[in-house]
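> Right, I'll just put the structure down here and ask away after.
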Amino acid sequence: MTDEHYMKLALELAKSAEGQTSPNPMVGAVVVKDGQIAGMGAHLRAGEHHAEVHALNMAGDKAMDSVIYVTLEPCSHYGKTPPCADRIIEAGVKKVVIAAIDQNPIVSGKGIQRLREAGLEVVTGICRQEAESMNKVFNHFQKHRKPYVTLKTAVSLDGKIAAASGESKWITSAESRDDAHRYRHSHDAILVGIGTVLADNPSLTTRLPNGGSNPIRIILDTTLQTPIEAKLVTDSEAPTWIITGSGVSMEQILPYTEKGVRVIPLSTPSIEIESVLELLGSENITSLFVEGGSSVNGSFLQSGSIQQVIMYQAPILIGGSDAPQPFGGGGIERLKDALKLELESVERIGPDIKITASVRGG
Ligand code: NDP
Ligand code: ZN
């Protein structure tokens, strides 16, 4: 078996914990001794064992003189758990194969250095691209301390997100809507504008056949107009945060706080997307799923805050110059300044098309 073969297995293990490792990366590890798999592991949750530790525990004595395949450079610092580089050295592993280098400035390159200094053979870069793209959210957060933003929108063939009347249920098929729920599960938070809350009274929970975790639900609502009887306020299904401008009073906030909703006034009268992302970053929100509507999407576009777009497009025509489009607001004036994305995939979902595109190096 080749190094790629075992690394692909380690990548599969890593991916199996998608949506549950935040703010940590997804990591997988495989220990191989004499051509046989002796141990496997994945990092499942922040604060719990790293992938290497699970795999080495499973391997037991067989870790001596083995090769360990890890999707991310082993850590070399004391975080919530002791350094994996030390554990690998102590276990007597002779060779370490690594897919991606850790982007966290505290550890980057240091884990490898430690292993080499202890006399272990270290090979890097096997399946690097796949490993890096799997942890693009983690890498983005390490670099910017702001969440990786994925904006999802559902449009008609002529690019409308609702009819001129405001009616938008449903433009796309049940299959597309089910597909979108997977992203709710894998994101730390989901965000909408007050316009969408008033129009649709959404619950923004994850509804998958086997459950799934709910993201924190965030509403941008400058003057605190969210109805106190809105599902997001009353259903207690997941935390709800309302971000407001500086002009709201304690009396206005109190009824929401009593229902367990967190109201966060910014220091400015209006809500700037940059400030929202800084705030969410400081709260360890590493990934944000933006579900519009049109005004909020437009603000994210204009502030240059989008890393990825997921568009579901249904083969229906709505027409009408007053029917809203996915990105409202003033838009970008010059074509040369348009947000340039790279297509990741184009798929058919039921009767619809799903387009996934992201900003290069986002
Ligand atoms: P939005 O959900 O975009 O909310 C807009 C409101 O959010 C603004 O009027 C503003 O109100 C508040 N807000 C606060 N901060 C900002 C900011 N920085 N930028 C922009 N808005 C901000 O509402 P829309 O009315 O534009 O869109 C709602 C429509 O879109 C509905 O018809 C809904 O059904 C549809 N929709 C369709 C989707 C689809 O994928 N097909 C998805 C989501 C919605 P204030 O000043 O009071 O704070
Ligand atoms: Zn570790």
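The values are calculated or read from the model by the stated rules, or taken from the named source; none is laboratory data. Note that the structure is a prediction, hence the values are computed from the model and not measured. Here the Cβ is made from the backbone with ideal geometry for all residues, glycine too, and neighbour counts use every protein chain on show. All accessible areas refer to the heavy atoms of the entire protein, side chains included, with ligands and DNA or RNA removed. Shrake-Rupley method; radii C 1.70, N 1.55, O 1.52, S 1.80 Å.
> Can you find, within the stretch 136-172, the residue that is nearest to ligand 1 (Cβ to nearest atom) among those that are of a type in the set (Lys, Arg) and modelled with pLDDT under 95?
Lys169
> Okay, moving on. Please identify the pairs in which a residue from the stretch 20-34 that is under 26 Å from Phe141 (Cβ atoms) has its Cβ atom under 6 Å from the Cβ atom of a residue that is within 16 Å of ligand 2 (Cβ to nearest atom) and assigned to a loop (DSSP other than H, G, I, E, B), counting only partners at least 6 apart or on another chain.
Gln20/Arg45; Thr21/His43; Asn24/Ala46; Pro25/Asn135; Met26/Ala17; Val27/His43
> Of all residues in the stretch 91-106 being surrounded by fewer than 23 Cβ atoms within 10 Å (Cβ to Cβ) and modelled with pLDDT under 95, which is nearest to Leu72 (Cα to Cα)?
Filtering first and then ranking leaves Ile101.
> Additional query: In the stretch 22-45, what count of residues is obtained for those that are within 12 Å of ligand 2 (Cβ to nearest atom) and either in a loop (DSSP other than H, G, I, E, B) or polar (S, T, N, Q) (or both)?
Count: 4.
> Here is a follow-up. Quick check: is even one residue across the stretch 67-87 small (Gly, Ala, Ser), part of a loop (DSSP other than H, G, I, E, B) and closer than 26 Å to Gly19 by Cα?
Step one: of the stretch 67-87, the residues small (Gly, Ala, Ser) are 76, 79, 85.
Subsequent filtering for residues that are part of a loop (DSSP other than H, G, I, E, B) retains 76, 79.
Filter again for closer than 26 Å to Gly19 by Cα, leaving 76, 79.
Yes, some residue in the stretch 67-87 is small (Gly, Ala, Ser), part of a loop (DSSP other than H, G, I, E, B) and closer than 26 Å to Gly19 by Cα.
> Cβ contacts < 8 Å: first residue under 22 Å from Asp65 (Cβ atoms), restricted to the stretch 106-122; second residue of a type in the set (Ser, Thr, Tyr) and open to solvent by 50 Å² or more (accessible area, probe 1.4 Å), any location; separation 6+ or different chain. Result?
Ile112/Thr124
Rundown of residues vs (1) part of a helix (DSSP H, G or I); (2) within 11 Å of ligand 1 (Cβ to nearest atom), yes/no style:
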{"position": "Val276", "(1), (2)": "yes, yes"}
{"position": "Gly281", "(1), (2)": "yes, no"}
{"position": "Ser299", "(1), (2)": "yes, yes"}
{"position": "Ser305", "(1), (2)": "no, yes"}
{"position": "Leu317", "(1), (2)": "no, no"}
{"position": "Pro324", "(1), (2)": "no, yes"}
{"position": "Lys336", "(1), (2)": "yes, no"}
{"position": "Arg348", "(1), (2)": "no, no"}
{"position": "Ile355", "(1), (2)": "no, no"}
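> Still on this structure, I have one more. In the stretch 129-138, what residues are in contact (Cβ under 8 Å) with a residue 60 or more places away in the chain and of a type outside the set (D, E, K, R)?
Correct list: Ala131, Met134, Asn135, Val137, Phe138.
> Just checking, which of Gln325, Gln307 is of a type outside the set (Val, Ile, Thr), closer than 24 Å to Leu198 by Cα and out of contact with any Asp or Glu (no Cβ under 8 Å at 6 or more places or on another chain)?
Gln325
Yes/no per residue for (1) in contact (Cβ under 8 Å) with a residue 60 or more places away in the chain; (2) assigned to a loop (DSSP other than H, G, I, E, B); (3) surrounded by 12 or more Cβ atoms within 10 Å (Cβ to Cβ):
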{"position": "Gln313", "(1), (2), (3)": "yes, no, yes"}
{"position": "Gly329", "(1), (2), (3)": "no, yes, yes"}
{"position": "Ile332", "(1), (2), (3)": "no, yes, yes"}
{"position": "Glu344", "(1), (2), (3)": "no, no, yes"}
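> Taking Ala338 and the conditions (1) farther than 27 Å from Gly19 by Cα; (2) touching a residue at least 12 places away in the same chain (Cβ under 8 Å), which numbered condition does it fall short on, given that it satisfies the others?
Here Ala338 meets the rest and fails (2).
> Restricting the search to the stretch 241-274, which residues are open to solvent by less than 50 Å² (accessible area, probe 1.4 Å) and part of a strand (DSSP E or B)?
Trp241, Ile242, Ile243, Thr244, Val263, Ile264
> Taking into account only those residues within the stretch 229-240 that are away from ligand 1 (no atom under 16 Å from the Cβ) and assigned to a loop (DSSP other than H, G, I, E, B), which is farthest from Gly260 (Cα to Cα)?
Ranking the qualifying residues of the stretch 229-240, first place goes to Glu229.
> Does the stretch 164-214 hold any residues that are among the aromatic types (Phe, Trp, Tyr) and either more than 18 Å from Pro326 (Cα to Cα) or surrounded by 18 or more Cβ atoms within 10 Å (Cβ to Cβ) (or both), and which are they?
Passing the criteria: only Tyr183.
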